[in-house]
Each structure stands twice: as C-alpha cells, then as structure tokens.
Amino acid sequence: ISDQKPLGCWSVKHGQILTCPVVCNFETHEYIAVHDDKVLRIWKNEDLNLDKAFKATLSAEVYRIHSLPQGGALVLFRGGGVRTLDVLLEAPQQEIESLISAEAIRWSGAFMEGQEPVLIFTTEKNKDFFVYVQKPKLNSLHKYKLEQQKPARPLCFTAHITNQTVTLLCLYSNNSVYQVLIPLQQDTEEEEEKEEEVLSKSLLLNLSVSGAALKGTSLVVLDKDHVAVLGSLPDPGKKPKECLTIWNTKFQTLQTSKELPLGTSGQLWCYEEKFFLIHGKVLTVIMYKCETSSLAAAVGKLKDSQTLDVSSFVNWNTLEEEELLVSFQSQESVALKAESRMSLRSNRSTGQSGTLSVGQLLLRLKDASNYVLETELKKLMAKAPTPDLQATIGCVVTALTDRCKRNPKFYPQNLLQEIVETRDMSYSLCPDLMAVALEQKDLQLLQICLERFPDIPEEITYACLKAFLSISEDHLKSVDVNLDSAICYVDIECNDMEVKTEILENGFSEEMDQDMCDTKIPKETQRDGASCPVGLQKAALLNAVLHSAYTETFLLPHLKNLPAQQAILFLRYLYYLYVKCSEKVNTTLPGIRSPTINQIMDWMCLLLDAQFTVMVMLPEAKDLLSNLHKFVRAQVRFYSELNKIEGSLRELQRLNHLRESQTYSIEVLEII
C-alpha cells in the first residue's frame, strides 16, 4: 500500500462469480476464496493461474471466511454452521448443519478469547434481530434475541471481546450507537434447555456534530474507549457532506472529524492502526494513534505539551494531498480553505508563528518566479525532518507539475532534480512528475526517478523504455546523464579487429558447439554479443529501466506494444549484457548500480514472452535468436558437466583439508 504497487492479480473464469471476500490465511500465507457459493479455492502468491489452484466443492453455501492470526481460518455457512478450514478440508463434502431457519445473516466477526476462536454473527427475520455466539472447537453455540428499538433498526454491527465478555456495538437508523454486553458462557444442560435470552441494550452515543445529526453508514472499534463512524451530515440546499468521525465512548464526545469532499463508498475498514476507505476513486489509508482516554483529551483541553493534541489523533496527510491536488487541478484558490481543515500541527500548538502553512505556501508558489521558488523550497528542505515535511514537499512538487502542465514553457528542471536527489521521494507523492518529465524529454530526471522511486507504475516504466529506445544516439551525446552504471563495461569505440573468439572463464566460446547448430552463422553475426549495440548514454538509461521494480503480470501487456525494431534493439542490448556477465565467474558487471544477472535474465525472458511471435517472423531477428539459443545451450551443457564432477571436486576439497600443510607431495587424482 505504501508503494501503491499491484503485487498480484487473479481472476476466475468467465461466468464464475466471487461470492465472499477473499482472505489471507495467516498461518500458511495462502489466499482463500469462494466462487459460485460452494467452490473453495486456495492459492499462494507464486501461483499465476487461479484455475489451476487447489479446488474443493463444498456441500453448503458459504457466507463468509474469517482468518485469525493464531486461530486459523473459520468458514461460516449461510445456514449458520461453522467449520475450521482444516476440518472442512478433511472432508469437503461433509454435511453442514442448518442452525437458522428463514433468517438472513447480516454481519459476522471472528475473535480470539485466550486460545479459543469465537465467531459471532447476527441474523434478521421479520424485522427481529438475533445474535449467535459460537466456539467451533468446543461445539458451543448460544443464541440471543436483540431487544427491539422501534421504529429504528440496526444498520451495522461491530464487536470486541474483553474479560470473557462480548461487547456488541450497533449503529441504528436513529443516528445512535447502542451497546450490548454478552457474557461468554460455559455449556451446561440447563443452558441447552433454556429458551433464547433477550439482550437488553444501552445507549452509547448520540451522533450529533455541531447540532446536526450524523447519518452513519459504517462503524468500527478502535479501542475500548474510541470508535470511528463514517457517515454524512445534512447541508441545507446542497448534497450531504460525507465525513469520517472519531468518538470517545467513555465521555461520549466527538474526538475529531474530517470532511471527505470526494465522496466515499460508505464502507470503512480498520487494521493495525490504519483506516482504509474509498475516497473518490482511490483507496485511501489513514494512520491514527489512540492515546489514553482522559476527560481533558475528550474535550480538547490538554495542557501537557508532551501529549498529542486532539488534531493529532489522526494523521490526515493523505486526505490533504488528495484535496489539494483536486483543488489545484481545477485551478480554484481553495488551498487556504483546505488548510483551515488540516490536522497538521497549528501554529498555536507548535509555537512556530513565523512558519507558513502548507496551503499558504502553495498559494505563494502558485505563480511565483523561479527565484522565489528556489528560495522558498531551499528554506523548506533545510528544515529538520518531521513526519509532515515529506508530505508537504510532495504537495509542492504536485503543484509545480500542475503549473508545468498549464504552462509548457515553465519547467524548473534543476529544482525538480534537486528535490528528487536529496529527498526520499516516491511516485505516489508526486504522481505527475514523471509524465511531465516525459513530455519535456528530461532524460536525466527520468533516470534519477527510475533509480530512486520504489513504486513506479508499469505503464510509466514502459513509456520510459520506449522513449529511451526511440531517441537517436546523436541527440543523446549532448544529454547529461549519469554514466556510472555503464562506463566500466560498455566499449565506447569497438574495433572489429580486436574482437576475438576465445574460451571464456565460464567455459563458453563462440566456436564451441558450432556443429550442433543447423544454420551456419556468419562471422559478423557471431559478434552480436561482443560489441554494445547502443551508445554509452543510452546504455546508462536502459540500465535505469532494468533497475525499476515491476510486476510481470502488469508489465507484459505493455511490452507487447513495443515496436519491433525497438524490441530487437533492446534484446540485442540484453544479450550483450548477458554475454558480459558470463565472461566472469562471479557473473557481476563492474560499476555503480550496474544490472545484475537476475535482472538481465528476467527482462530477457519477459521481452521474449511479449515479442516472441514478432521475433520469429522478422528476418533481422533470426540470427540474434539463433546466437542467443546457442549461447544459452552451451552454458547449460557447461553447468551440466560441472554437476557431473561435483562429487569429485568435493572429495578433492576434503583431501586438501586432510593434507599436512608442511608436507610436499605430488598426487594424481583420476576423475571418472
């Protein structure tokens, strides 16, 4: 999430439907999914094809799968039956009991109480709500009826377990949160014969913000004293304002809130002190920190300077970047308004009365001259590192790239390069920077970004590769790029008279195995791997692409669009690097940030996968593919021969250890 990189993608066949959320089994590091209600699929990260993953058809329809860090995976069926995944896999077609009749499951949650997993789910029937508490490993089940609150009805549920007591929180349609306490009981004969108990509830919160009722859509528990509610506030004559609010349940006060102007899906998730929600068109992650609950904190009257103020309960930086980006893209001067809602430390709380806020800084830089830009940014970058500084610089770079798009003549090249080189930036902090650099043909900045950014989308990586391959060598000679990754092994001037065929250190020569190839290869084509097919500057740029992180599934479709001549040139360069690496026993190229043998091989395989049909059809690629095939085959034979004598070499090493160091002798070892 921090790098905003897709790591994997799996899809079911056409006509199949995923019918419950996919979960990760913490114990086995496997993904578990259900499609078409009854078909269970289990796979790992390295599995590329979901259709070939483990498959089991179950006897009943699955409602939800829950995964617990120490409790394994629990499968809840629509009929109310529960099985651990291990028990279910022993006999997938085992009969699953139906515990509920004419009831529909509305919510479920899994928890650990000591060493025992506990599964809780709520059902609805004829506007009555029921609560089931199960301990699958102990075959324990308790059913309760929820006290009615007419005319209001429950919208969503959440729960937590403390000291053998389940605390069920219910968000009702009357804009209130109610609390229900359920003791975890021990099974007895009396309990089994007892009729279902009616659970009474108590009012926990009235969701009122500045006198307006908050219509909640999602509720999550943060700790024993805090909850978060996602909802909307009425705005007379306008569309309701969606917002995220955090409440102190102990003192029944609003802790902090944030308007979400880009809209949400109405869903809110919480995991490891991070909120996850859909804001606009993106998944937004917001970090928070629950401090010890106190009355002073609840009403925002903390005096202790060592304690975080109310506004620091949540780090809103992610949302601020999104809002500022939208405001500048629409060219509306609302940065100060956005700044007034920011939860960054205020001047009053930090005592930095002379420091510009982010919104003020952006407005000041919006149409400033290059001199003012450099002056203000140098002041900004000279500050001591703080959690907010990186996000602030990201906002500034985004504002600069927006200005570049509005005014093509404006492009502070040196300033942008300095920021990227001196700060630990990422693509996600300034998503338009590389696109603007491509438009401006700023090859030096693109090289720096490729080497430093950990989260570049595959589409941008491909665009850089295509741009580097298409630029002429004559133009590149006048471009200032970093040559450290290529200058130690790329021949600047290759003299054909000096190209020799000799036995290389890893056992391969150009003349070796010539009789095994049906096609007689001309001498000039034998030298494809001996001289670099690109100039020094282009080699350095291509090396930056090789260093960029990527996911094969997402890069392959783009590589298929690479023009044939560029694909051949790139493959020639990769072949050249492959030969250079193979000349040395350690298969390592000299230089700083030079490509590794693994990177070269991965890109070569990826390019051949994407362009193989084109390569086979093009006459100019025939000799290159033939040479590459011959080179790889010779290496395979060489390593195969090494494997045959591995045992003898180990025995020789053992004898060397046993031999006395001061004794001179001549021994003849026969290797059979």
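The values are calculated or read from the model by the stated rules, or taken from the named source; none is laboratory data. Predicted, not measured: the structure shown is a model, and the values here were computed from it. Neighbour counts are summed over all protein chains in view; Cβ atoms, including those assigned to glycine, are modelled from backbone coordinates with ideal geometry. When the accessible area is computed, the model is the full protein with side chains, heavy atoms only, and any ligands, DNA or RNA have been set aside. Shrake-Rupley method; radii C 1.70, N 1.55, O 1.52, S 1.80 Å.
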* Asked: Quick one: ranking 456, 96 by accessible area, 1.4 Å probe, largest first, what do you get?
  -> 96, 456
* What list of ³J(HN,Hα) values in whole Hz, one per residue of the stretch 47-54 in order, does the Karplus curve 6.51 cos²θ - 1.76 cosθ + 1.60 (θ = phi - 60°) give from phi, with Gly and Pro shown as x? -> 6, 8, 10, 5, 5, 9, 6, 4
* In the stretch 37-144, the GluC sites (Glu not before Pro) that fall in loop regions by DSSP, at most 16 other Cβ within 10 Å -> 46, 61, 95, 97
* Asked: What per residue convex hull volume, in Å³, do the alpha-carbon atoms of the stretch 207-297 yield?
  -> 90
* Enter the accessible area per residue of the stretch 207-297 (Å², integer; probe 1.4 Å; all protein chains in place). => 49
* Per-residue ³J(HN,Hα) for the stretch 638-654, Karplus 6.51 cos²θ - 1.76 cosθ + 1.60, θ = phi - 60°, Hz, x for Gly and Pro -> 5, 5, 5, 5, 4, 4, 5, 9, 4, x, 5, 5, 5, 5, 4, 5, 5
* Asked: Can you give the Rg to Rh ratio of the stretch 109-211, both from alpha-carbon atoms, with Rh computed by the Kirkwood formula?
  -> 1.00
* For the stretch 25-93 and the stretch 235-274, what is the separation of their Cα centres, given in Å? -> 33
* Asked: P(r) for the stretch 245-291: what percent of alpha-carbon pairs falls in each 10 Å bin, starting at zero?
  -> 22, 52, 24, 2
* **Cα-based convex hull volume of the stretch 41-95 per residue, rounded to whole Å³** => 94
* Asked: For 572, 403, what's the largest-to-smallest order of accessible area, 1.4 Å probe?
  -> 572, 403
* **531, 108, 470, reordered so the largest accessible area comes first (probe 1.4 Å)** => 470, 531, 108
* Structure fact -> Computed ³J(HN,Hα) along the stretch 594-603: with the Karplus parameters 6.51/-1.76/1.60, θ = phi - 60°, integer Hz and x for glycine or proline, the list is 6, x, 8, 4, 5, 5, 5, 5, 4, 5
* Structure fact -> extent check for the stretch 1-96: Cα max minus min per principal axis, descending, whole Å, gives 43, 35, 20
* Those trypsin sites (Lys or Arg not before Pro) in the stretch 146-246 that DSSP places in a loop and that have at most 11 other beta carbons within 10 Å -> 194, 238
* Asked: Non-local amide H neighbours of residue 37 (under 5 Å, H modeled in plane, Pro and chain starts lacking H): which ones?
  -> 19
* How are the Cα pair distances of the stretch 57-132 distributed, in percent, across 5 Å bins from 0? -> 3, 16, 27, 22, 18, 10, 3, 1
